[in-house]
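The values are calculated or read from the model by the stated rules, or taken from the named source; none is laboratory data. Computed from a predicted structure; not experimentally measured. Every residue, glycine as well, gets a Cβ built from its backbone with ideal geometry; the counts of neighbours run over all protein chains shown.
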Amino acid sequence: MRILLINPSLQQAEVGHYDKVVEKNRGVYPPLGLGYVYSALESQGHHLYLIDMDATPDAVVKAVTILKSKPDMICFYAMTWTFRQVCKMLEVAKRENPSIIGVIGGAQVNAFPKETL
Ligand code: B12
């Protein structure tokens, strides 16, 4: 399968309930969880693309280009703050290719499984 993995932009996400200093220092960190998912899929021989929205230059352009080539599946890491952004990206992906399979994992799903569904 051809699979696109996306770590959404935390820099552009709505601000949470933390102190301003903490929010200001959210930073850009490698998405460890999505990295594990990548390794597991890679070991099964899948063809993968990974976009970290905050760390990849021209991330949106790259994502759109990959989506136009119709990958079979799109996988997202979602925190609660990035969940709406993920839903919007999935909507765009489904518009481009209605048969694309969307999978969401990460902190939002672990913390709020029922609400996420
Ligand atoms: C280490 C850590 C950090 C580190 C490193 C973060 C990083 N990006 O690597 C530091 C200290 C920098 C950090 C910062 C922040 N963190 Co933090 N962090 C953690 C912590 C303790 C562990 C995360 C981790 O590495 N887990 C190990 C990996 C392997 O697990 P994982 O990411 O969950 O991935 C697994 C599954 O979820 C799943 N999975 C993941 N993605 C996908 C995708 C698909 C498609 C599928 C199927 C499965 C899947 O598979 C993975 C392997 O099992 C968690 C608490 C926790 N116990 O999870 C909080 C946590 C994730 N952080 C949280 C928050 C809020 C933040 C900050 C936004 C805080 C802030 N305001 O600054 C920042 C964001 C920084 C950033 N840019 O990511 C919250 C998220 C809450 C939520 N509801 O979304 C958590 C849950 C803590 C909490 N309880 O509040 N954090």
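Quick notes on this one:
- Residue within the range 69-80 that is modelled with pLDDT under 95 and within 13 Å of the ligand (Cβ to nearest atom) present: yes
- Within the range 24-47, residues that are under 16 Å from Val103 (Cβ atoms) reach partners that are in a loop (DSSP other than H, G, I, E, B) and within 6 Å of the ligand (Cβ to nearest atom) with beta carbons closer than 7 Å, at six or more positions or on different chains, in the pairs Gly33/Gly106.
- Residue within the range 99-117 that is touching a strand residue (DSSP E or B) at 6+ places or on another chain (Cβ under 8 Å) and of a type in the set (S, T, N, Q) present: yes
- Residues that are in a helix (DSSP H, G or I) and not charged (D, E, K, R), drawn from the range 7-30: Val21, Val22
- Lys62 being surrounded by 15 or more Cβ atoms within 10 Å (Cβ to Cβ), assigned to a helix (DSSP H, G or I), free of Cβ contacts under 8 Å to residues at least 24 places away in the same chain and charged (D, E, K, R): yes
- Annotation: of all residues in the range 65-117 being aliphatic (A, V, I, L, M) and free of Cβ contacts under 8 Å to residues at least 24 places away in the same chain, the one that is nearest to Tyr38 (Cα to Cα) is Leu90.
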